[in-house]
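Asks: Mind having a look at this structure? Questions to follow.
Where a number appears in this text, it was derived from the coordinates with a stated rule and is not lab data. Since we're looking at a predicted model, the values are computed, not measured. Note that each Cβ is placed from the backbone with ideal geometry, even for glycine, and that neighbours are counted across all protein chains shown.
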Amino acid sequence: MTVSPAYQIYSDADRITHYNEKLASFTEADRPYTRLVFSKEYHAARAWLSDEFQALGLECHSDAGGNLIGRRQAGAQATAPQTVIIGSHIDTVPAGGRYDGIAGVITAMEVVHYLNAHQITLPFTLEVADFLGEELNLWGTSCLGSRHMAGLLNAEMLARRDETGRILGEEIAACGGSGMPPSGARPDAANILACFELHIEQARSLYDADIDIGVVTALPAIDRYAISMTGAVGHSGTTPMHGRKDALVCASGIIQQVSMLAHDIASRSNQHFVATIGKLDVLPNGATIIPGQVEMILDVRSASNEAKSEFLASLADALDEARQKTGCDIDLALLATAEIAPMDSSLQSIITEQAQALSLSHTPLASGAGHDSAHLSRFAPAAMIFIPCVDGLSHCAEELTSSDAIAKGAAVIIRSILSLAEQVAK
Ligand SMILES: [Zn+2]
């Protein structure tokens, strides 16, 4: 007789597959899997999700940030008005995947299934959350719902328009939010015991090492800079090489330097460090014109403030050198910044204990990507677990993990919530 692994009693892989397939069906038909925040596919998926939350017996509402919340009330034994939040997001990037965020929302539903099936009342309220619009959107911001919950979505962001003139605040209001800037973190922040989020790793370390559970230690600091280079346009045929101020030549040197500096720092640091220039606008962008202007965006992510400071100091030197070499003006402007978000250490311990108890392999690891949990951690103890995804692929249609891998993560979170319940009851 074969004995089933312990994690399997906590959730149902077939049901996870069903939820996953259902959510995957809400996509732009000719561009799977695309469910952009505020799109008709997004609204349809949310309507379905709201019905599912209610079928689970959750009291369903949208909060001021447009987050879809399903609430399971605390049992009568609760002595204090405490809350545990579990969730993630169901929006995708264009032509994204079926698991990024989605796995975390399905996990939250699996937690409720387990509690319902075992008629467990918790000594705290459990909130299942689909955080509004986590992915970077047309309004130049991300993590709309969790940012709002943390009190960090400001009036300037809410007033932004996309290319077609849609105002962000109005779109949030159409999702049941207020569309107004919050006056601070949610009013009951002091009563939030814990926030949990399961997510695919979106990198390959767990997959390569065949590890079930990543216990996330911190989410990276994220800084985005606009670098603009101004040279001089000229006829490509008649302007001699000597004395040219070619903004694209200047930009290419900076791109090389950014990569070299980041390689160097990453190789010496035991913490995650990456820097990328992924967006470039060349003006006037003609084959016979010397480029007079280049605008580019530098994205820097670091789990270490020291590494970031070292990089920025070296970058300043590199920009000076590029100015002298090319004669171009160079301007560096900070577009957005977020501090390192450490995950709660006692929640990390609980997660590690529960993974151990389930005989699942586990390891601490830092995230390379930002997540809703970064914002949650600004006002409450937050924890994330990562599960492996095949070849580390993410933000593409090939993104893949198994229902079994999600079930393992769900089991760890269910046991962690039960462990918290025991601590509260003491
Ligand atoms: Zn995500």
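Asks: Which value, in debye to the nearest 20, describes the size of the charge dipole of the range 42-110 about its Cα centre when Lys and Arg Cβ atoms bear +1, Asp and Glu Cβ atoms bear -1, and nothing else is charged? Don't jump to the answer; show the numbers that get you there.
Replies: On the way: 4 positive and 7 negative charges, 15 e Å.
Magnitude of the dipole: close to 80 debye.
Asks: Would you please put 200-212, 82-94 in order of how densely packed they are, using the mean number of other Cβ atoms within 10 angstrom per residue and starting with the highest?
Replies: Working: 200-212: 18.5, 82-94: 24.5.
Ranking, from highest mean packing down: 82-94, 200-212.
Asks: Between SER402 and ASN305, what is the label-point separation in nm under the 7 Å Cα-to-beta-carbon projection?
Replies: 4.3
Asks: Ranked from highest to lowest mean number of other Cβ atoms within 10 Å per residue, what is the order of the peptides 149-159, 32-42, 182-192? Working shown, then result.
Replies: Details: 149-159: 18.5, 32-42: 20.3, 182-192: 15.0.
The most tightly packed comes first, giving 32-42, 149-159, 182-192.
Asks: Hand me the tally of lysine pairs in the chain: alpha carbons under 24 angstrom apart, and the pair either on different chains or 8 or more positions apart.
Replies: Taking the chain as the scope, the lysine pair count is 6.
Asks: Say the dipole of the chain comes from +1 at the beta carbon of Lys and Arg and -1 at that of Asp and Glu; which of MET109, ALA407, HIS43 then lies farthest toward its positive end?
Replies: HIS43
Asks: Using a 4.7 Å cut-off between beta carbons, which cysteines in the chain end up with no partner cysteine at all?
Replies: CYS60, CYS143, CYS175, CYS195, CYS389, CYS396
Asks: Just to check I understand the Karplus step: with θ = phi - 60° and J = 6.51 cos²θ - 1.76 cosθ + 1.60, what whole-Hz values come out for the range 416-426, glycine and proline as x?
Replies: Here the 3J(HN,Hα) series is 5, 5, 5, 5, 4, 4, 5, 4, 5, 5, 5 Hz.
Asks: Taking the Cα centre of the chain as origin, work out the dipole magnitude from +1 charges on Lys and Arg Cβ and -1 charges on Asp and Glu Cβ, in debye rounded to 20.
Replies: Working: 28 positive and 50 negative charges, 81 e Å.
Roughly 400 debye, rounded to the nearest 20.
Asks: Assuming R0 = 51 Å, what is the FRET efficiency of ALA333 and GLN73, from their Cβ-Cβ distance, to the nearest 0.05? Spell out each step's value before the answer.
Replies: Details: r = 48 Å, r/R0 = 0.94.
The computed FRET efficiency comes out at 0.60.
Asks: Okay, which of the range 323-339 sit inside 14 Å, backbone N to the point 7 Å along the Cα-Cβ direction of SER252?
Replies: Counting backbone N atoms under 14 Å from the label point, the list is 326.
Asks: If you take the charge dipole of the chain about its Cα centre, with +1 on Lys and Arg Cβ and -1 on Asp and Glu Cβ, which of GLN271, VAL128, GLY231 is farthest toward its positive end?
Replies: Result: GLY231.
Asks: Related question: Return the calculated 222 nm mean residue ellipticity for the chain, to the nearest 500 deg cm²/dmol, obtained by summing -39500 (n - 2.57) across DSSP H runs with n ≥ 4 and dividing by the residue count. Could the numbers behind the result be given before it?
Replies: On the way: 12 runs with 152 residues, N = 426.
Roughly -11000 deg cm²/dmol at 222 nm, from the helical runs in the chain.
Asks: Hey, another quick one. For the pair ALA155 and LEU280, what calculated FRET efficiency results from E = 1/(1 + (r/R0)^6), where r is the Cβ-Cβ distance and R0 = 22 Å, to the nearest 0.05? Numbers along the way, then the final one.
Replies: Working: r = 31 Å, r/R0 = 1.40.
Taking R0 as 22 Å, the efficiency between LEU280 and ALA155 is 0.10.
Asks: For an R0 of 51 angstrom, estimate the FRET efficiency from the Cβ-Cβ distance between ASP320 and CYS60 and round to the nearest 0.05.
Replies: On the way: r = 56 Å, r/R0 = 1.10.
It comes to 0.35.
Asks: I'd like to compare 123-135, 268-280, 233-245: which one has the highest average count of other Cβ atoms within 10 Å, and what's the full order after that?
Replies: Numbers: 123-135: 25.0, 268-280: 15.6, 233-245: 11.5.
Descending packing order for the listed peptides: 123-135, 268-280, 233-245.
Asks: Quick check: from the Cα gyration tensor, does the range 1-59 come out rounded (a/c under 1.5), prolate or oblate?
Replies: On the way: a/c = 4.21, a/b = 1.78, b/c = 2.37.
Because a/c hits 1.5 or more and a/b fails to exceed b/c, the range 1-59 counts as oblate.
Asks: So, one more: Between ALA6 and ALA29, what length comes free when the chain is fully extended (0.36 nm per residue of separation minus the Cα-Cα distance, one decimal in nm)? Show your work: numbers first, answer last.
Replies: Working: separation 23, 0.36 × 23 = 8.28 nm, distance 3.91 nm.
Between ALA6 and ALA29, full extension yields an extra 4.4 nm.
Asks: State the answer as a single residue: which of VAL300, GLN256, LEU334 lies farthest towards the positive end of the charge dipole of the range 221-338, with beta carbon charges of +1 for Lys and Arg and -1 for Asp and Glu, about the Cα centre.
Replies: Projecting each Cα onto the dipole axis, the largest value belongs to GLN256.
Asks: Separate question: Full-extension gain between ILE120 and ARG268, please, as 0.36 nm times their residue separation minus the C-alpha to C-alpha distance. Before the final figure, lay out each step's value.
Replies: Details: separation 148, 0.36 × 148 = 53.28 nm, distance 4.92 nm.
Between ILE120 and ARG268, full extension yields 48.4 nm more.
Asks: In debye to the nearest 20, how big a dipole does the range 221-338 give about its Cα centre with +1 on each Lys and Arg Cβ and -1 on each Asp and Glu Cβ? Numbers along the way, then the final one.
Replies: On the way: 9 positive and 13 negative charges, 39 e Å.
With only Lys, Arg, Asp and Glu charged at Cβ, the dipole is about 180 debye.
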